Every structure is written in structure tokens, then in C-alpha cells.
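See below for the structure under consideration.
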Amino acid sequence: MAYNLQTGSSGIRKEVIDNLVHVFAQPSYVLKELVSVTTTGGWQNTYYSENPDVLTAPTGNSGIGLPRGANFPQLSTSNTKETGFITKIGYEDNINFEDIISGNVDKQARTVFKLTQKAVYDIDTAIRTGFVDTTKSFNTFTIAKGYGWDKVASCAILDDLMRAKKEIGTYNYPTTSLVCVINLEDHRSMVNYLASKGAQFPTLGDNVANNGVVGKLAGVEIRVSNTIPASMAIIAVPKICATWKELVPLQSDVKEDPFKSTRIRVVEEGMFEYTDPRAVCIIYGTEDA
């Protein structure tokens, strides 16, 4: 391992650890890549969800065919006020001095990686939980029994994705860059489905790239995440659908007790804001078993 982290090295600088945390984390975020990220200085945060419907002119006062010199009809947007609180996510480990200088594995680097992996997983899980908040009016439908994506002979994956696209587009959101986040089992079903149809799938292979991206299907970018539970897919308009409000971005702290131990800590604090739930469609029933 570079940066003076080889087995037998006793020195470890905070900036080196913090750099490694970000190197490990950045390719791992999946759902966080789907939302806008902004900063905040408050523990409690207020935001507004706007009604996505096209504005309707008042009865008898259309804005179409206005006479010359006539008054314009007034149209006003409507917003729903929402309030939430910051979630703090953090983990640490204490590595013995002897493990650092004489261990059989690179304990420091592996500790940084595993703590970062857990924090990233929990952040993505918090965002996924926000997406499926049943108090919000997101688009959703359930695939009928016998037509799950694992039923190659009867499923209609392309049509299901197009239906999700239609549901989102109905509310006037752009559908040219949609992202669908699925679990590994549904990714397997997609590849098997395409293979059974004799289709080529060079852009939907079995290798997971950075941020879970595996390719495109029906014009929708497909991403894989272990935070997605069985029989669910999340389709959304990226960066528009929601916001992750950061109080503390992902970072680390290192404290060394000379010749005794080194404590490594990783933390992130933030909050999910569901600003545009109609820019999201949740599909249930993707696994028929």
C-alpha cells in the first residue's frame, strides 16, 4: 500500500487517512450519486416540495387568445413545507501498535477501507429509505405475480422501464437521463432476459463499474447497489429527484497514542430531502419468487 502504510510502518498522517477515505468512498456511492448534494449549518432543516403539475388557468380567464390591452390571468405555484433533522453516521477502530509494525496484513489500510465501506453503505441506505417514504407521493406500481423479472419467459422488463418513464414524464420531468437502481439479483435477471431474447448486451454486462453503473437499457442507465432490497427497483431523474443536505461531509480523524495504539474514526452527517417525489418511480415485484 502506498502513502507509508505498509506493514511495519509506524507513522500515519491524518491527511493520508482522509485522502484514502475519499479514494475508497467515491466509486462506492450509488444512491448518493442520484441526488443533489448541498451543505447546511443547521441540525433541523426546512425545504419545500413543489407541485409538479402544469399550472391551470382560472375558469373563464384563459391565457390563450388574450385581447390587446387585457389583463393577464394570475398563476401561482404551490409548495409543501417539509422539516427534517440531520442523521449522524460514524464508526471507529483502535489498532494496536504491534499490529501496525508487525502484523501479517496491512491493518491500517484495511481498517480505513472497511470503516469507509460501512459509512458509505449506511449513507446510501438512508437515502434509499427516504426514496420509499410512504408519506410522500412518489410514482409506484407493482408487477403482477408471474411476470417478475426472474421469469424470463413471461416478464416484460423493457415495458416496465418504459412504464416507469411514462409515470415520471406525466409530471413534466425530463426522462432522457433516467437512472434505475437495482440489486444484483435483478441485474442477473436483466442479463438472462436479454440473452434469452437473442439480444446483444455489450452495454449491460456482468461487471459493476464505479458507482454501480453497469450500462443502459431502454435508454435508462442501470446501476447496482446492495442497499436495494429484494423485489424493488428505483427509477429517478438524477439530481432533480431529491437532495442530500450535508452538515459534515465524509471525513476522518486519526489519533495516535505513541507505542500503544492508533484510533481511526470516519464520520458523515446529513439529511435526505425529498424535494421532487414525482421525479421518482418505485417498481415492486421485480422478483417473482
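The values are calculated or read from the model by the stated rules, or taken from the named source; none is laboratory data. This structure is a prediction, so every number in the text was calculated from the model and none was measured. Neighbour counts run over all protein chains shown; Cβ positions are idealised from the backbone, glycine included.
Flag: Asn172 matches the condition of being at pLDDT below 95, at positive phi and polar (S, T, N, Q).
Is at least one residue of the stretch 43-65 hydrophobic (A, V, I, L, M, F, W, C) and modelled with pLDDT of 85 or more? Checked the stretch 43-65: at least one residue is hydrophobic (A, V, I, L, M, F, W, C) and modelled with pLDDT of 85 or more.
For the stretch 56-96, a residue qualifies if it is of a type in the set (Phe, Trp, Tyr) and closer than 30 Å to Pro258 by Cα, and exactly one does: Tyr91.
For the stretch 144-151, check the following and say yes or no: at least one residue is among the acidic types (Asp, Glu) and out of contact with any strand residue (DSSP E or B) (no Cβ under 7 Å at 6 or more places or on another chain). Yes: the stretch 144-151 contains one or more residues that are among the acidic types (Asp, Glu) and out of contact with any strand residue (DSSP E or B) (no Cβ under 7 Å at 6 or more places or on another chain). I'd like the residue in the stretch 134-143 that is modelled with pLDDT of 95 or more and out of contact with any strand residue (DSSP E or B) (no Cβ under 6 Å at 6 or more places or on another chain) and, out of all such residues, is nearest to Val179 (Cα to Cα). Of everything passing the filter in the stretch 134-143, Phe141 is nearest to Val179 (Cα to Cα).
Close Cβ contacts (under 6 Å, 6 or more residues apart or on different chains) running from residues in the stretch 254-266 that are closer than 12 Å to Phe97 by Cβ to residues that are exposed (fewer than 13 other Cβ atoms within 10 Å of the Cβ) comprise Arg263/Lys255. Being at pLDDT 95 or above, within 23 Å of Asp124 (Cα to Cα) and either surrounded by 22 or more Cβ atoms within 10 Å (Cβ to Cβ) or outside the structural domain of Ser28 (by TED's automatic domain parsing) (or both) is not true of Val213.
A quick yes/no check of all residues on (1) exposed (fewer than 15 other Cβ atoms within 10 Å of the Cβ); (2) in the same structural domain as Leu161 (by TED's automatic domain parsing); (3) touching a Ser or Thr at 6+ places or on another chain (Cβ under 7 Å):
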site: Gly63; (1), (2), (3): yes, no, no
site: Pro67; (1), (2), (3): yes, no, no
site: Ile89; (1), (2), (3): no, no, no
site: Ile95; (1), (2), (3): no, no, yes
site: Thr111; (1), (2), (3): no, no, no
